[in-house]
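Some notes on the structure that comes next.
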There are 10 protein chains.
Amino acid sequence: MQNAVILINTEKGQVKAVAERLADIEGVSEVYSTCGRYDLVAIARTRDFESLATLVTERLNLVEGIRETETLNALQVHSRHDLETMFSVGW
Amino acid sequence: MQNAVILINTEKGQVKAVAERLADIEGVSEVYSTCGRYDLVAIARTRDFESLATLVTERLNLVEGIRETETLNALQVHSRHDLETMFSVGW
Amino acid sequence: MQNAVILINTEKGQVKAVAERLADIEGVSEVYSTCGRYDLVAIARTRDFESLATLVTERLNLVEGIRETETLNALQVHSRHDLETMFSVGW
Amino acid sequence: MQNAVILINTEKGQVKAVAERLADIEGVSEVYSTCGRYDLVAIARTRDFESLATLVTERLNLVEGIRETETLNALQVHSRHDLETMFSVGW
Amino acid sequence: MQNAVILINTEKGQVKAVAERLADIEGVSEVYSTCGRYDLVAIARTRDFESLATLVTERLNLVEGIRETETLNALQVHSRHDLETMFSVGW
Amino acid sequence: MQNAVILINTEKGQVKAVAERLADIEGVSEVYSTCGRYDLVAIARTRDFESLATLVTERLNLVEGIRETETLNALQVHSRHDLETMFSVGW
Amino acid sequence: MQNAVILINTEKGQVKAVAERLADIEGVSEVYSTCGRYDLVAIARTRDFESLATLVTERLNLVEGIRETETLNALQVHSRHDLETMFSVGW
Amino acid sequence: MQNAVILINTEKGQVKAVAERLADIEGVSEVYSTCGRYDLVAIARTRDFESLATLVTERLNLVEGIRETETLNALQVHSRHDLETMFSVGW
Amino acid sequence: MQNAVILINTEKGQVKAVAERLADIEGVSEVYSTCGRYDLVAIARTRDFESLATLVTERLNLVEGIRETETLNALQVHSRHDLETMFSVGW
Amino acid sequence: MQNAVILINTEKGQVKAVAERLADIEGVSEVYSTCGRYDLVAIARTRDFESLATLVTERLNLVEGIRETETLNALQVHSRHDLETMFSVGW
């Protein structure tokens, strides 16, 4: 499984709408509206690196209301949870 | 459940050691070493807001090798997953 | 009670009007027009964390004339005053 | 009454200790430990502008563990509360 | 007397015009067009803090051609000159 | 007369001491301790451009406790005051 | 051979299209869509410095959809590969 | 002779045109299109400081296609060349 | 093959030494010393994503003289060259 | 001839000494101490690109008192002067 943390700022007044649009995209596991310098943080979890690349370069692209994104691709994961089983990423 | 995304930069050469120390802290669900402008991203998931406040102000504090942290506290969560059940946060 | 400090920049010429619109919102306790890199600082004081999340993600959103906001959610409070009683937050 | 919002970053591991030191200073009404790019936000409320100037240039100066402060002096206040009476600033 | 240093960037091609508009405002003592990261620096000198607050929040606001201002309110003054007498601030 | 606005940050706890040292330098007309992102703003007023260059490159240099300076050299001045007479710059 | 690394941000939704347009330009060896603060990184490899200068100032200029570029011109190359032969730069 | 280094960013696609317009202005000695965070660097060399001030505040102003300029006014010059004679600045 | 562009700043006076150390690491294809805001740019080319993750988190870590790195992991590659064959990545 | 503009910040109190050291290096044509965000700007003029690369990566390196440099390599030059003849670059 390939994970990525995506930091997002939206167009004014679009935080909630963009969060909902993102959460509907296959491969986006969670979307948090957050305090601080970013409006939203999305966690992407895909089967492999190619799926992640497609998700970031071809799907996030099409979401209305996004102003800026910065993808932090996970190189390694440290967790007490078996994330792979929990999220059973099929895509 | 209260979630937070914590952006972290470490002292030079400490990325892996800090990741392991963080992953051992109760309330820290996942730690990702990442590409881009942050060394690590930790996801905290606690029972309630008070536990998160304690985690951030009193435990992260004591982890050796951290240079800077910035906590992005989740205001709302959008997910197709039932994160609450999946992570069964007892703390 | 949940407190937050909200740093705000407004559209040009809108400082005073935005300050007045914000001060009318339930849950916004004080709005200061300030020197320095932010035009306004609002203090939100709500009954609990959920009310704060709603205030930030759904009401500030609708205020005309805001260009950028950054919410600094309070994790802990240190004060000689009994803020809870003083502000008697009903919302 | 003169109000100011003071944005503070502390030396590593000093957030709580600095918060307590600040809260003990006359003229500092509240200190919040916060999410986001600042560690602490203090609200100063003094009788007049000269007291504020003294507080910022001569007392904050002496607090151990502070790395950086940025004072946002309030030019005007908008609030439904009678802050002057509530905080009964004697200093 | 209350002094403030106001750092200003103007709309393109408006440096000189904005400088002249600012110099005509009561309470603005001097306007410098400058080298470096700001286009103009204005020095405001008013009778008291309230006049300064009004000047910054209500008059600078109305000046055409300003893109960004940042007010650095003086907390204390050190000078060999008797600025108060020299500028005989009546406003 | 040549004017310059000098933005200064000092070593921690040195704001007042640096302000006094600067105010004693010939050619430095006023020093303000300020709110916002700079600790001090000094106004230099010298007879001509060469004196200013000497002041900035050879004297400010020697003042203890300064961390960073940025000189904004005035290209043109707009003022209702006759600054030249008022400050009677002899140096 | 003259190498340069060109950091690129594109207009919203234009990452893939710009990548393809750049890859078609003679002298552009590789274009990577990337994680992090830049959308694309292009590697230019030209016969000599003049060709690189022409490429950057006259051709990149004409590519639709680019918002910002920053060229990092290589001063020296360290590689186990014989890049000159591998890329057989004819242009 | 008064020298200044002027850092310039242009509107998209205007680098070469702006460079040519600048090079035609009396008092602008050289214009370089450059790698890195600025598009152009112009060197101004004028007879005295007043000519430089006029050049920067009144002529650069009128050049089409400039987005941002930052003037670094030379305080002192160190050179093995006799720049004054070489550039024989008449303006 | 997995590619990444690694932006590097070194300790003072260490540019050349770090470049040589990096070029000796398996998986680092090329190292460029560059103009502009980074001292070095390294191109990593590894067999797969896991090798890249190991290279970045465990080997770059050990190189003496590096002050800061920022890894831009390639999501997709556009090139007229058959990079995979050319660099025959065995590692 | 190859030109480059080198933006330099020095260790505290070292502006003049660094300027003199730089001006003594073959290939450095002029060094300006400047107002604004850089302490010094050096102009390098070398016979060709290789000499410039050597100058930047091997000689500037050895100058004591430099804190940061950023080289802006000239891609093209626009000037009414015949710089090549004037500076008769032999190195």
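Figure legend. Inter-residue proximity from the range F:60-75: first residues without any contact (Cβ under 8 Å) to a residue 12 or more places away in the chain, second residues buried (at least 20 other Cβ atoms within 10 Å of the Cβ), beta-carbon distance below 6 Å, spacing 6+ or different chains. Indicated pairs: F:LEU75/E:SER33; F:LEU75/H:ALA53; F:LEU75/H:VAL56.
In the range C:17-26, what residues are farther than 19 Å from C:SER88 by Cα and either open to solvent by 10 Å² or more (accessible area, probe 1.4 Å) or out of contact with any helix residue (DSSP H, G or I) (no Cβ under 9 Å at 6 or more places or on another chain) (or both)? Answer for the range C:17-26, where residues must be farther than 19 Å from C:SER88 by Cα and either open to solvent by 10 Å² or more (accessible area, probe 1.4 Å) or out of contact with any helix residue (DSSP H, G or I) (no Cβ under 9 Å at 6 or more places or on another chain) (or both): C:ALA17, C:VAL18, C:GLU20, C:ARG21. Restricting attention to the range B:12-21, does a residue exist that is modelled with pLDDT of 95 or more, closer than 30 Å to A:ALA17 by Cβ and away from chain G (no Cβ under 14 Å)? No; the residues of the range B:12-21 include none that is modelled with pLDDT of 95 or more, closer than 30 Å to A:ALA17 by Cβ and away from chain G (no Cβ under 14 Å). Scanning the range A:36-57 for residues that are free of Cβ contacts under 8 Å to residues at least 12 places away in the same chain and touching an Asp or Glu at 6+ places or on another chain (Cβ under 8 Å) returns A:GLY36, A:ARG37.
Got at least one residue in the range I:34-43 being over 23 Å from G:ALA42 (Cα atoms) and not hydroxyl-bearing (Ser, Thr, Tyr)? Checked the range I:34-43: no residue is over 23 Å from G:ALA42 (Cα atoms) and not hydroxyl-bearing (Ser, Thr, Tyr).
Taking the criterion of being over 10 Å from the mean Cα position of the chain (by Cα) and closer than 30 Å to J:GLY65 by Cβ, would at least one residue in the range I:73-81 satisfy it? No, because not a single residue in the range I:73-81 is over 10 Å from the mean Cα position of the chain (by Cα) and closer than 30 Å to J:GLY65 by Cβ.
The residues of the range A:43-60 that are touching a strand residue (DSSP E or B) at 6+ places or on another chain (Cβ under 7 Å), of a type in the set (D, E, K, R) and either within 11 Å of chain I (Cβ to nearest Cβ) or surrounded by fewer than 22 Cβ atoms within 10 Å (Cβ to Cβ) (or both) amount to a single one, A:ASP48. Checking each residue in the range I:27-59 for being acidic (Asp, Glu), touching a helix residue (DSSP H, G or I) at 6+ places or on another chain (Cβ under 9 Å) and modelled with pLDDT under 95 picks out I:ASP48, I:GLU58. Do we have any residue at all in the range E:1-8 that's within 20 Å of D:LEU72 (Cα to Cα) and within 14 Å of chain J (Cβ to nearest Cβ)? Taking every residue of the range E:1-8 in turn, at least one turns out to be within 20 Å of D:LEU72 (Cα to Cα) and within 14 Å of chain J (Cβ to nearest Cβ). Based on this model, can you work out whether C:THR34 counts as within 19 Å of D:HIS81 (Cα to Cα), of a type in the set (Val, Ile, Thr) and within 14 Å of chain F (Cβ to nearest Cβ)? Judged against the criteria, C:THR34 is a match. Which of the residues spanning the range J:28-42 are open to solvent by less than 10 Å² (accessible area, probe 1.4 Å) and not β-branched (Val, Ile, Thr)? Passing the criteria: J:SER29, J:GLU30, J:TYR32, J:SER33, J:CYS35, J:GLY36, J:LEU40, J:ALA42. Scanning the range D:61-84 for residues that are within 14 Å of D:ASN3 (Cβ to Cβ) and not hydrophobic (A, V, I, L, M, F, W, C), we see that the one that is surrounded by the most Cβ atoms within 10 Å (Cβ to Cβ) is D:ASN73.
The values are calculated or read from the model by the stated rules, or taken from the named source; none is laboratory data. Computed from a predicted model, the values in this text were never measured in an experiment. Cβ: placed from backbone, ideal geometry, glycine included. Neighbour counts: every protein chain shown. Calculation scope for accessible area: heavy atoms of the full protein, side chains included, ligands and nucleic acids excluded. Shrake-Rupley method; radii C 1.70, N 1.55, O 1.52, S 1.80 Å.
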